[in-house]
Structures are given as structure tokens and as C-alpha cells.
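Notes for the one structure printed next.
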Amino acid sequence: GSAHPTGATHPLALAPVAGPASTVDGFVRQFLRNLNYERGVPLSASSDNDRYFAFAMTVRDYLMARWLEDVKRQRDAQAKGVAYLSAEYLLGRQLDNNLLASGLGDIAAEAMAACGIDIEDMRAQEVEPGLGNGGLGRLAACFIDSLATLGVPNTGYGIRYEYGIFRQTFQDGQQVEQPDSWLKLGSPWEFPHPEAAQTITFGGHTETYDDEGVTRTRWVPAWNVLAVPYNYMVPGYLNGRVNTLRLWSSRATNEFDLRVFNSGDYEEAVRAQTFAENISKVLYPEDSTPQGKELRLQQQYFFVAASIKDFLESLPEGFDLAELPERIIFQLNDTHPVIGVPELMRILVDEKKLEWDAAWQITQQCFAYTCHTLLPEALEVWSVDLLGRLLPRHLEIIYRINEEFLIAVRERFGDDELRLRNMSIIGEFPERSVRMAFLATVAGSKVNGVAELHSQLLRDKVLPDFDEFYPGKFTNVTNGVTPRRFVRLSNPGLSELITDAIGTGWLTDLERLRELEVYAEDPSFRESFASVKAANKRRLSEVLHARDGLEVSDGHMLDVMVKRLHEYKRQMLKLLHIVTEYESIVSGRVAAGDVTPRTFIFGAKAAPGYVNAKRIIHLINAVGSVVNADARVEGRLKVLFPPNYNVTLAERLIPAADLSEQISLAGKEASGTGNMKFALNGALTIGTDDGANVEIRELVGDDNFFLFGQTEPEVEALWAKGYKPSDFYQADDGLRRAMDLIASGAFSGGDRSVFEPVVSNLLYDDRFMVLADYSSYIAAQAKVDAAYQDQDAWTHSAILNVARCGFFSSDRSMRDYIERIWHTPPLL
Ligand code: Z57
């Protein structure tokens, strides 16, 4: 043993102090200590929030010893780790997750009971950190959970937005956004480290200078901000491992303060402060439709530059940068962090004075890129003008990367000008701009899509020239979800049933769910499974009642569509089905008594500027008000749209669902991850041949999945032939009646103008072929109704869905990334 870095000799100082809370007495003592000495209140005068804080801190204290140990272990081992770069982490509530990971659940429950405290009341206090929009952000949260559980060294890097995804409310059925001040009452889970702040610079110009006979370039920036790290623990499941999520918050630099203060301009000083703090102020609420706003690029560079610096500073003195790829892989979660590529080049070439080629070798090995979309409008581009103004040196570096890339392309394919124009990182139309996906593809050691179909289409349709140019660069890693949060925590009833049947171990080895297949044949297991589902519905009903005054009727099939509101996801198709059912009753063609009772639940936020999406939200609410209030329906159809769908609500909704709606136009949904959560909780899917639905159906079998709609090649063929939505409208009576009913003003108090744009959009544009897939969808829904009549057979299918979806654990996704891309084995 070498001396302790501080020179400490006391035995207690030589290793992290063990956590104090692994007995009931210990938990109570630590809880009261936190309540009294951290919150400054006696139990008798404490608020729910005080108790939540003290409780969370007690769980946190237990994990802390492991965290300190793991950070040290990772530093000492100098093993290769993953730096996950993501602008979003949609974490959901932390308390239950951390309680589960620490294994303190029973002790904590006993301790709180002895203090006369209801844990539920404390749970309800936690505001979930909604630092993401949807699938991409939630995926990042699942991935860091799995990496900690696998024991892989990982730091998640991102932004500590002061305001996460907006809180959605409805006024007269229309979406109204409220700020999400999730930090209003503070958070027990974060550890600010202002002393470890990084200075991040922007703007200015570049200049060349003579460096002992070598001409070099340097960036002379014009302004700067501080990036202050906030650390969050990411505990593995019952394995004593704790990784770190490091989110950056912006502050004004002292330098800025001083300069302005000395000039005596107080107002200017305050303005500078506000300006700097704006960078991490708010999450951009657009999902899959980048806005091209300057502040957004500032956010991206801010967190990526801080993260790269942070990592480089953690390396030992005298580290040979040629060995960087043996120590780190920067995984780019979509194009949002791609500005990290020229940033690392700038550091290596301008600051560390490496040769360009050597720097480029290193950089290429240190980055890998995940693409999450196929929508052309979702592919990020930054105008050269804007990028050059904010990051002049980075623009020069991007130009040079592109120049050398195009030379190589020319060598390989000859003077094929069209191909060169198509592959250039710099686009020329409609304005000169940087294509971030191309930059990521050129720079990354690997490029992956997020489901088999998506990865194939990425190679064939989006980046075919790149696939040809870089054999072996493209790969697939199918998404996954963490079974800890989305099975164990959200569905305790099912979890207990599974453990009773196949024992423990499945939560970290989800393929073991296969062992449930034989239980599908066991009538008493089916009965237990069905009663868990029924109990989950009652639990959901309680939550919806308390939250929104909504009711889930007994005996109804629960048909759920929850995801961001986007035209390609086709909430309109679901709505046309509901209106069709409704119209068939009120027109008298179908007796209400013959309709399978169904409750349709929607959850969806629309980007605040997405007009079509917001109109669809309005229409869902309008249809709900009419259908739910119409006595002729005899309560057999119900439409519920609880506002502010988020992770917390998802955890209640998904385990209660019978039917999962995954109905995007084939070729548009990259993967989907909600689809996996539903199947793992025993909902059957009605879905198109899109994204990960394809893989779900392959695994669960055609008998246990309701497939409908065109395939991706059929969609292509129909576009090629010329798609006329009005032909489909004319050809299908049910469709015409449903559309006509909406157009008649039946859902808008007789005012035909309110939803006229929705109807016209479908009739004359219909970019996502809602009308083309309508008849097939309705036929599939008829099969759903028929299948639901035989409850026992339905349950049999539901069990097989659970048993066959172990593949969709994010632990498996992480193993795939490790094997195909990262080469970062667990640290044992
Ligand atoms: C986002 O949530 C996704 C893709 C994007 O390009 C952006 Br921006 C945000 C989603 C996809 O739409 C889903 O299909 C996918 O499952 C998810 O990312 C995770 O890969």
C-alpha cells in the first residue's frame, strides 16, 4: 500500500464508510438523523415533503458507500468505459428504483411503519425529472440502468434542465402547456459540484500563429459560461455497483461578472447572468422535429464540450492520447451531441498539438453513432452561418473533415458529381448547412439503427452511399427496456407470480421468462394471471380517479395508445376506429349490447408548435366528450385522455392494458419501446409491420399478435403508383361515415369548421396513409373483439407474450452494444 492521497492515517479514512441503514433500527436512526439534521425539523412537525426528503436521503446514504467505492474502483482499474452522450434522460421517479436496487425495501417498510409513516404518501411527493421528450430520452435512462446492473463502467452525460418537458393540461379539450418546475422543492438525488465546473467558450474568431516553426490555428472565443456538474447515482440492481449520471447546469463565469462589475454596469451584469443561465434553462419540447434554434446548438455544444473536458481531465498525468480509444467510447445518442466530433479534433490538434491524421484516427475510434429515425424532417442540419458564428473553429474543422472525406470518396467512386453532392457533409440547399447525421456517420466507428427493420432501411434508403463506402460500419442493436422499472416496480403482482412459478433470477436474465411458456397451459396459472391483470386495472382506475377524476369501467377491454402525438404514429387511425364503432351504434346498424365493451385510453403530448398534432388532441377530447355522454352507447365505449402522460403514469397504465396500439405507418417508427413494455406486461399488440413490432411478432408468434396494414415495400409501391386518399374514402362505407360524422360538426357542437382541417388533411394529403390502412385496421380490430370473447384464450396469448419477450430487456441491448460496438466488458 501506498500512502493515502491526503496523508490520512485514521483507519476510518482509508476506505469509504459503510452505509448505516441495513437494519430496521439503523434505517430509523438514519432517517431521523436526516429529518432532524438535514431538514431541520422534528418528526412531529415534519411535512410530507420533509419526510420524503429524509427517507430518500436514507436510501441515498446506503448507496453512497457503494458509489464512492465504485468510482474509486473504476478510476483504479483504468478500464475502458462508456461515455453516453445524450441531450435527454427521461428518468422517471428515483425513490422506488433506488430502494429496489439497494434491496432495502422490506427494511424501509418496517422502519416507516414503526415511525407511523405511510410510504405511499412520501412516494407521491416525488416530482419525476422529465428531462426528455419520449422514446429517445427514456431509452437513455434504461441503458444507464442496465449498464450499472451489468457492472460496466459508464458515465451518462447530459443537461440538467431547470424545466423539463412541459406539464400538459387541457382547456376546452385543447392542450395548454405549463412549465415543469421539477426543482421547486429541491431534489435529494443530486450532488452539485461547483468546484468542478468547466468553462465553455463560444463565438469569436480563429487565427493562425507560429508555434516554433509550425503554423497552428487557435480559437479566440468571444464569451464563455460555466458548466457546473450535478451528479446522480445510477445503482445497479442488487449488485453493489453504482455508476454516475452527470448533468451540466450553466452559470455565468466570474470573469464575466468581474468585467461587467468593474465597468460599473450592474444591469448588464445581471443580464449576462441571465443569458448564461438560459443555456440549461429548458428542454426543447420537439420530438423528432429539430427547430434549428441557436440556443439549442448552444445547449448541445455546452454539454458535450463540458463532458469531453471532464473525461480528459480524469485521465492520469502524462496519458498517451493515442491510447484514448482503449479508455473511452463516446456514444452519440442521435445527432444532438455530434458537435463533440470537431470538439475532440480541436482539442487534439489545436491544444494537444497532434498531427491532423493522428487526431482523426483517434477521434474516429472514440465515437459511435446511434440513429433513431427515418423521417427526413428529423435529420438535424445546422446552417453554416449559425454554426460558424457560434463555433468558428469547429466549422473550419468540419470543412476539413469533409474535404478529406470527399477526396476519399472521389478516389473510390471517381468523379461522380451527383454522388459527391449527395454524400457531402455540407449541404447546399435550401441553404448551406452541416448535415449532422453525415458527420456522425463519417466520424463514427460504428453506426447503428434501433431495430432490425430500421437498421436495414437506414442502410438501404437513408445512407446507402455511406453503407457502400464503409463496409462493416453499419450495424443493428434492437432497443430494449429495463425490466426493473417496467416489470418489477410497475407490476409487482405479475412479478410475484413469475417468481412463484420460475424462481428468482429472471430480472437480470430476462430470457428466463421462456420458462413461463409451460405455465400458459396451466389453468390455475392462467386464472392467477387474469386476476393480476384485473387488480392492475383497479389500481389504474384508482390512480386515474385521484389524478383526473376518471373511471375505468369494470369488465371493459383496456385499449391503450400512449406515445408522443405525431402524425406518423397515427393517433387519427385509432380515432377513426372509435368513431366508426360509435357511428355504427348511433345509426342503429349495431345494437349497443352487441359491442365488446372497451375503454380507450390515450396519453400524448404534442410539441407546442405542432398545429396538426394539437388539433388531433382537441379532436380526441371532443370525441371522448360526445361518446362518453351518449346514452345510446350504454356505457360500452369509453374514451379517456388523462393529461400529462409521463413515466409515472406509464408505470400504472401499461400493466393494466389488454391491448397495445402500435399503429405507425410501416417504415416510419424506428423502433418503439412502449410496444416492448406492453408485451412484457401481458398486453396483446395490434400493430403494423414497423420498427420493433416486427421482432415482437416474430417472437410471440402470429397467433398472439394482431397484424394489419401495408408493409414498408407496399407503402413505397403505393406512393410510386400515386396515392389518392379520396379513393379509399369513396371505397369504404365505414370510413366515409366516420369521416363524414367528424366533418358534420358532431364533435364540435355543430361547428363544421373546427375539425375541417383534420378531415381535409386526410382526404387531400394524408402523408401517413391513414386512409389506406383503415380497412385493414378495422378488420384486425374485429378479430380483437372476437378474440376477447374467449377470456381464457386471451390470457393464454398474454402469458405467451410475457414468456417470449425476454429479448427486449435493455440488458440484452447493452450486451449487443458491448459486443458489436463498445468492447467494454463488465468490470468485475
Ligand atoms: C425520439 O424519441 C425518437 C427518435 C428521434 O429521432 C427523436 Br429526435 C426522438 C424515438 C423513435 O421515434 C422511436 O421509434 C425509438 O424507439 C426511440 O427514439 C428510441 O430509439
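Do the conditions hold for Tyr37, that is, is it surrounded by fewer than 18 Cβ atoms within 10 Å (Cβ to Cβ), at pLDDT 95 or above and assigned to a helix (DSSP H, G or I)?
Working: surrounded by fewer than 18 Cβ atoms within 10 Å (Cβ to Cβ): yes; at pLDDT 95 or above: yes; assigned to a helix (DSSP H, G or I): yes.
In short, yes.
Among residues of segment 277-305 being over 22 Å from Arg346 (Cα atoms) and in contact with a Gly (Cβ under 7 Å, 6 or more places away or on another chain), the one that is nearest to the ligand (Cβ to nearest atom) is Asp287. The single condition among (1) over 36 Å from the mean Cα position of the chain (by Cα); (2) buried (at least 20 other Cβ atoms within 10 Å of the Cβ) that Arg752 does not meet is (2). Taking the conditions exactly as written (at pLDDT 95 or above, closer than 22 Å to Thr217 by Cα and within 16 Å of the ligand (Cβ to nearest atom)), does Ile308 satisfy them or not? So Ile308 does not fit the description; no.
For the criterion of being within 16 Å of the ligand (Cβ to nearest atom) and either touching a strand residue (DSSP E or B) at 6+ places or on another chain (Cβ under 9 Å) or not β-branched (Val, Ile, Thr) (or both), Leu386 fails. Whether a residue is within 16 Å of the ligand (Cβ to nearest atom), more than 18 Å from Met572 (Cα to Cα), over 16 Å from the mean Cα position of the chain (by Cα) and at pLDDT 95 or above was assessed, and Asn646 does not pass this test.
Just for helices (runs of 4 or more DSSP H) wholly inside segment 668-736: which have at least 2 residues that are under 22 Å from Met769 (Cα atoms), aromatic (Phe, Trp, Tyr) and more than 16 Å from the ligand (Cβ to nearest atom)? Spell out how you get there, then give the answer.
Numbers: elements: 674-680, 693-700, 712-721, 725-731.
Helices (runs of 4 or more DSSP H) meeting the threshold: 725-731.
Restricting attention to segment 774-790, the residues being touching a Ser or Thr at 6+ places or on another chain (Cβ under 8 Å) and charged (D, E, K, R) number 1.
Taken over segment 484-541, the residue count meeting the criterion of being part of a helix (DSSP H, G or I), of a type in the set (S, T, N, Q) and surrounded by fewer than 17 Cβ atoms within 10 Å (Cβ to Cβ) is 3. Only a single criterion out of (1) surrounded by fewer than 15 Cβ atoms within 10 Å (Cβ to Cβ); (2) touching a residue at least 60 places away in the same chain (Cβ under 8 Å); (3) of a type in the set (A, V, I, L, M) is not satisfied by Leu544, namely (1).
Could you list, in sequence order, the residues of segment 159-183 that are on the phi > 0 side of the Ramachandran plot and either crowded, with 17+ Cβ neighbours inside 10 Å or among the basic types (Lys, Arg) (or both)?
Our first condition is that a residue be on the phi > 0 side of the Ramachandran plot; within segment 159-183, this holds for 172-173.
Within segment 159-183, Gly173 is the sole residue that qualifies.
Looking across segment 559-605 at every residue that is within 16 Å of the ligand (Cβ to nearest atom) and in a helix (DSSP H, G or I), the one that is farthest from Phe708 (Cα to Cα) is identified as Glu567.
Going by the conditions given, is Tyr301 hydroxyl-bearing (Ser, Thr, Tyr), modelled with pLDDT under 95 and over 26 Å from Ala613 (Cβ atoms)? Before the answer, list the steps.
Numbers: hydroxyl-bearing (Ser, Thr, Tyr): yes; modelled with pLDDT under 95: no; over 26 Å from Ala613 (Cβ atoms): yes.
In short, no.
Since Thr149 meets every condition but one in (1) more than 15 Å from the ligand (Cβ to nearest atom); (2) in a strand (DSSP E or B), which condition does it not meet? In the conditions (1) more than 15 Å from the ligand (Cβ to nearest atom); (2) in a strand (DSSP E or B), Thr149 misses (2) alone.
Residues of segment 352-371 that are within 12 Å of Pro325 (Cα to Cα) and of a type in the set (Phe, Trp, Tyr): Trp360, Phe367.
Among the strands (runs of 3 or more DSSP E) lying completely within segment 163-237, list those that include at least 2 residues that are modelled with pLDDT under 95 and in contact with a Pro (Cβ under 7 Å, 6 or more places away or on another chain). It would help to see each step written out before you state the result.
On the way: elements: 167-171, 174-178, 190-192, 198-202, 205-211, 214-220, 223-235.
Here the list is empty.
The set of residues in segment 755-802 that are among the aliphatic types (A, V, I, L, M), surrounded by fewer than 21 Cβ atoms within 10 Å (Cβ to Cβ) and under 22 Å from His618 (Cβ atoms) comprises Val758, Val759, Leu763.
Checking every residue in segment 93-103 against the condition of being within 16 Å of the ligand (Cβ to nearest atom) and under 26 Å from the mean Cα position of the chain (by Cα) gives zero matches. Of everything listed in (1) under 22 Å from Val71 (Cα atoms); (2) away from the ligand (no atom under 16 Å from the Cβ); (3) in contact (Cβ under 8 Å) with a residue 60 or more places away in the chain, the single unmet condition for Ile159 is (2). Selection over segment 285-305 of residues that are of a type in the set (Gly, Ala, Ser) and in a helix (DSSP H, G or I) gives a count of 1. Among residues of segment 563-588 being among the β-branched types (Val, Ile, Thr) and either closer than 17 Å to Leu619 by Cβ or within 25 Å of the chain's Cα centre (by Cα) (or both), the one that is surrounded by the most Cβ atoms within 10 Å (Cβ to Cβ) is Val579. Residues that are outside the structural domain of Phe768 (by TED's automatic domain parsing) and more than 16 Å from the ligand (Cβ to nearest atom): does segment 329-339 have at least one? Within segment 329-339, one or more residues are outside the structural domain of Phe768 (by TED's automatic domain parsing) and more than 16 Å from the ligand (Cβ to nearest atom). Please work out if Arg435 is away from the ligand (no atom under 15 Å from the Cβ) and either modelled with pLDDT under 95 or not assigned by TED's automatic domain parsing to the domain that holds Leu680 (or both). So Arg435 fails the test. Close contacts from segment 558-586, counting a first residue that is aromatic (Phe, Trp, Tyr) and a second that is part of a helix (DSSP H, G or I), with Cβ to Cβ under 9 Å and a gap of 6+ residues or different chains, come to Tyr582/Val623; Tyr582/Val626; Tyr582/Val627; Tyr582/Val633; Tyr582/Ala738; Tyr582/Leu741.
The values are calculated or read from the model by the stated rules, or taken from the named source; none is laboratory data. As the structure is a prediction and not an experimental result, all values here were calculated from the model. Heads up, the Cβs are rebuilt from the backbone with ideal geometry, glycines too, and the neighbour counts pull from every protein chain shown.
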